[in-house]
1. Where a ≥ b ≥ c are the square roots of the eigenvalues of the C-alpha gyration tensor, would you call the chain rounded, which needs a/c under 1.5, or, failing that, prolate if a/b is larger than b/c, or oblate?
2. Treating only the Cβ atoms of Lys and Arg (+1) and Asp and Glu (-1) as charged, compute the dipole magnitude of the chain about its Cα centre; round to the nearest 20 debye.
3. Which is farthest toward the positive dipole end of the stretch 3-108 among Phe39, Phe78, Val50, measuring Cα position about the Cα centre, with Cβ charges +1 (Lys, Arg) and -1 (Asp, Glu)?
4. Identify, among Thr26, Ser8, Cys88, the residue whose Cα sits farthest towards the positive end of the charge dipole of the chain, taking +1 on the Cβ of Lys and Arg and -1 on the Cβ of Asp and Glu, with the dipole about the Cα centre.
5. On a 0 to 90 degree scale, rounded to 10, what angle separates helix 78-87 from the longest Cα axis of the chain?
Amino acid sequence: MKNEELISLAEEATKDVETHSNGLSTQATAILTKSGKVFVAVNDLGDAIVKDLKEAGELEVSKMVCVFKGGCVDLPSFSMRKALLDLCAENSTTQIILNDGVKPLQVTMPVR
């Protein structure tokens, strides 16, 4: 799947969702697994999508993108990235799609 297709899926998921009552913008994260399955979560910090991945037996993530309502591509939340690393160590190489290119998940995490 091309990056643009994954971005479109995430962007589409934000369209019919109301803005948070606290004024925060709606965001969607689209994930492509190593086997080619796509998972999309809206306003999730990682709990729901990791649960879905586990239930489907899809632990390794190939690439992901976070899109805010209106089309702004941004880094997925720290909680989401940490949840994916906790799910499977190989997810350190997950490609995160950003406006300025693609970065492996591990380089977006704090150095320990």
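Derivation of every value follows stated rules applied to the coordinates shown; laboratory data play no part. These numbers were taken from a predicted model, which means no experiment stands behind them. Glycine also receives a Cβ, built like all others from the backbone with ideal geometry; neighbour counts cover every protein chain displayed.
1. Cα axes put the chain in the rounded bin.
2. Here the size comes out at about 320 debye.
3. Phe78
4. The listed residue farthest towards the positive side: Cys88.
5. 30
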